[in-house]
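> For reference, the structure I am asking about is given below.
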Amino acid sequence: MRLRRLATAIVAVSSVIAVSACSGGEGASGDGEGGDSYAIGISQLVQHPALDAASEGFKKSFKDADVTVEWDEQNAQGEQANATTIAQTFSNQDLDLVLAVATPAAQAAAQAITDMPVLFTAVTDAEEAGLVKSNEAPGGNVTGTSDLNPVADQLQLVKDLKPDAKTVGIVYSSGEVNSQVQVELAKEAAKDMGIKIKEATIANSGELAQAVNSLGDVDAYYVPTDNNVVSAVSTMVQAAEKNKALLVGSEAGQVEQGAAITRGIDYTKLGEQTGKMALKILQDGEKPADMPVETSSNLELVVNPKAAKAQGVEIPQDIIDEADTVIE
């Protein structure tokens, strides 16, 4: 086991990137009282509930294992250039491992870092994103966990709550492979449901309002795990309420912020799962090349009856009774 130490500051990126620090001090903190000690960098694409939860879950795995970690957490503020700078800086630091949260951050890390383990989380399809040779056999220094959504099950929620729905609007980022994969899955599922998918693309969250308006009249909106859209999901909530269109989310954080319903992944647990993979690498000597990309089987039904009512929809009592979480 190698003990590496972080540099005391990252001057190259401090002026453009917000550093999210743990309680132990700016840029780094220690967890646990055990004998093992590691230095780990976290590159998170943007701040929003799902990605925040994944990062916290990852750190929780080390705390639960009583492993001391000196953390350096960096947030790219949704900018690919920042993610690239963070990755390049991490590649020159004395780290034991790097975690990349979300596909663009993972792509930047995989390109810049070749001599240490890189784990990713909140990535829909690592193979499609060029992060691994295959999801079953990554073959390099990069592996992690996928947040591939049960898109068909989530789209079915539209029919469960609005049986007569014929059109569903989706806004997504043209540059996010994650989003493209989910939209294609939605189109495929919609064929069997008698639903027409209306889509619009954006380059950044500032274009979201205009893109939503361009969809025109729809019966419902579906929000994929698209980082630009999720970071400004309040815009989708406002449109859903104004147009009396059901808003179906892809994870619990969106429902907490005003979507009506989702059946999705618990991102904290996904992060914990990634942390356990990291511990196998650091403590047991396992190689990322031989560790298949893992997916989560923990799906939760989350409902927000008040939000649904604002969107002109009443959630049936049997669905509320079935829900794992009801947002009051």
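> Mind checking which residues of the range 144-164 are under 19 Å from Ser297 (Cα atoms) and surrounded by fewer than 17 Cβ atoms within 10 Å (Cβ to Cβ)?
Pro150, Ala152, Asp153
> List every residue pair whose Cβ atoms lie under 6 Å apart, where the two residues are 6 or more positions apart in sequence or sit on different chains, the first residue falls within the range 81-102 and is at negative phi and assigned by the TED database to the domain that holds Val69, and the second residue, located anywhere, is open to solvent by less than 30 Å² (accessible area, probe 1.4 Å) and polar (S, T, N, Q).
Taking only residues 6 or more apart or on different chains, the pairs are Ile86/Ser43; Ile86/Gln74; Ala100/Ser43; Val101/Gln44; Val101/Ser55; Val101/Thr121.
> Look through Ala190, Ala209, Ala200 and report the one residue that is out of contact with any strand residue (DSSP E or B) (no Cβ under 6 Å at 6 or more places or on another chain) and at pLDDT 95 or above.
It is Ala209.
> Against the condition more than 19 Å from Lys280 (Cβ to Cβ) and either in contact with a strand residue (DSSP E or B) (Cβ under 9 Å, 6 or more places away or on another chain) or in contact (Cβ under 8 Å) with a residue 40 or more places away in the chain (or both), how does Thr121 come out, does it pass?
Judged against the criteria, Thr121 is not a match.
> Please verify whether Asn243 is within 18 Å of the chain's Cα centre (by Cα), open to solvent by 10 Å² or more (accessible area, probe 1.4 Å) and among the polar types (S, T, N, Q), treating the condition exactly as stated. Talk me through it step by step, then tell me what you get.
Details: within 18 Å of the chain's Cα centre (by Cα): no; open to solvent by 10 Å² or more (accessible area, probe 1.4 Å): yes; among the polar types (S, T, N, Q): yes.
Judged against the criteria, Asn243 is not a match.
> Would you please list the contacts, defined by Cβ atoms under 9 Å and residues six or more apart or on different chains, that run from a residue in the range 158-182 that is within 26 Å of Ala83 (Cα to Cα) to a residue that is open to solvent by 50 Å² or more (accessible area, probe 1.4 Å) and among the β-branched types (Val, Ile, Thr)?
Once the first residue is within 26 Å of Ala83 (Cα to Cα) and sits in the range 158-182, its partners that are open to solvent by 50 Å² or more (accessible area, probe 1.4 Å) and among the β-branched types (Val, Ile, Thr) give Val171/Thr201; Tyr172/Thr201; Ser173/Thr201; Ser174/Thr201; Gly175/Thr201; Ser179/Thr201.
> A further question on this structure: What helices (runs of 4 or more DSSP H), lying completely within the range 224-310, carry at least 1 residues that are farther than 18 Å from Gln182 by Cα and touching an Asp or Glu at 6+ places or on another chain (Cβ under 6 Å)?
Those helices (runs of 4 or more DSSP H) span 267-284, 305-310.
> Can you tell me which of (1) free of Cβ contacts under 8 Å to residues at least 60 places away in the same chain; (2) surrounded by 22 or more Cβ atoms within 10 Å (Cβ to Cβ); (3) more than 18 Å from Gln47 (Cβ to Cβ) is the one Gln238 doesn't meet?
Tallying (1) free of Cβ contacts under 8 Å to residues at least 60 places away in the same chain; (2) surrounded by 22 or more Cβ atoms within 10 Å (Cβ to Cβ); (3) more than 18 Å from Gln47 (Cβ to Cβ), Gln238 fails exactly one: (2).
> Restricting attention to the range 215-224, does a residue exist that is at pLDDT 95 or above, open to solvent by 10 Å² or more (accessible area, probe 1.4 Å) and within 22 Å of His48 (Cβ to Cβ)?
No, the range 215-224 contains no residue that is at pLDDT 95 or above, open to solvent by 10 Å² or more (accessible area, probe 1.4 Å) and within 22 Å of His48 (Cβ to Cβ).
> Restricting to the range 171-200, give me the number of residues that are in a helix (DSSP H, G or I), within 17 Å of the chain's Cα centre (by Cα) and surrounded by fewer than 22 Cβ atoms within 10 Å (Cβ to Cβ).
Residues that pass the stated criteria total 4.
> Additional query: Determine whether the range 124-134 contains at least one residue that is under 21 Å from Val223 (Cα atoms) and touching a Lys or Arg at 6+ places or on another chain (Cβ under 7 Å).
No, the range 124-134 contains no residue that is under 21 Å from Val223 (Cα atoms) and touching a Lys or Arg at 6+ places or on another chain (Cβ under 7 Å).
> Next question. Check whether at least one residue in the range 294-306 is under 19 Å from Gln238 (Cα atoms), open to solvent by 30 Å² or more (accessible area, probe 1.4 Å) and not acidic (Asp, Glu), and report yes or no.
The answer is yes, given that some residue of the range 294-306 is under 19 Å from Gln238 (Cα atoms), open to solvent by 30 Å² or more (accessible area, probe 1.4 Å) and not acidic (Asp, Glu).
> For Leu95, only one of the following conditions fails: (1) farther than 30 Å from Ala209 by Cβ; (2) at pLDDT below 95. What is its number?
Looking at each condition in turn, Leu95 falls short on (2).
> Going by the structure shown, is Thr274 surrounded by 23 or more Cβ atoms within 10 Å (Cβ to Cβ), within 20 Å of the chain's Cα centre (by Cα) and closer than 24 Å to Ala39 by Cβ?
Yes; evaluated as a whole, the condition is true for this residue.
The values are calculated or read from the model by the stated rules, or taken from the named source; none is laboratory data. In this text, all values refer to a predicted model and were calculated from it rather than measured experimentally. Note: ideal-geometry Cβ built from the backbone for every residue, glycine included; neighbour counts use all protein chains shown. What goes into the accessible areas is simple: the full protein's heavy atoms, side chains included, and nothing from ligands, DNA or RNA. Shrake-Rupley method; radii C 1.70, N 1.55, O 1.52, S 1.80 Å.
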